[in-house]
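The values are calculated or read from the model by the stated rules, or taken from the named source; none is laboratory data. A quick note: this is a predicted structure, and the numbers were derived from the prediction, not measured. When we count neighbours, we look across all protein chains shown, and the Cβ atoms used for this are built from the backbone with ideal geometry, even at glycine. With ligands, DNA and RNA removed, areas are computed over all heavy atoms of the protein, side chains included. Shrake-Rupley method; radii C 1.70, N 1.55, O 1.52, S 1.80 Å.
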Amino acid sequence: MHLPLTRLIPLIAWLLTMFIAPTALAQEQVEVEGATFPTRIEQQGQSYRLIGSGMFRYLMWDAYAGAYYQASDVPEPAPQSDVPRRLELEYFHAIDAEDFAKATEDTLRDNLSNDAYQEIRQRVEAFSRQYRDVVPGDRYTLSWDGTTLSLALNGERIFEDNDLPLAKALAAEEPAKLEQLAQAEAAQEELKRT
């Protein structure tokens, strides 16, 4: 499901508010179907706190678990700003690099105006060429530390650039993943109650 960017901004705020779980923040880590994520991360002098976590299921398969972090000193979720943030996803199935590239490019094309997409298209394509195939247990981390956008696979940086417009465009992709995580988390809670 792709929503226009103007509808995503309020959705982001609501989803991130729903993600904040005081009990999870009191713990040192959260577990999502066997994937563990710390509630706080220190990286290159930047402190991040967990905003939300969850599972995305595709049809009947667990596709990936994810966690969204934001700078610890920012009280409100702000994925479309220049606030430092990171999205970490652990995959449960093999996925080809080409599939990641196509999904990223298609999502950005859908979320941005044609002019905005064309303005960053070459940088998006350069970013997408860095994707690698994943196997179960692999983790991609997309982060913006306030000056540098990076993509890492299992802790190894495979892309790095100080491109704020690209970071903001990729943050427009994050809400789609966050929405999937929120839906998965709500479904899990509903199952626990029944």
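Just to verify a number: FRET efficiency for Glu160 and Asn114, C-beta to C-beta distance, R0 = 25 Å, to 0.05? About 0.35, to the nearest 0.05.
Take 140-147, 29-36 and order them by the average number of nearby Cβ atoms within 10 Å per residue, most first; the result is 140-147, 29-36.
Between Asp73 and Gln130, the distance separating the two model label sites (each 7 Å from Cα on the Cα→Cβ line) works out to 2.6 nm. When nucleic acids and ligands are ignored and a 1.4 Å probe is applied, Phe100 ends up with an accessible area of around 20 Å².
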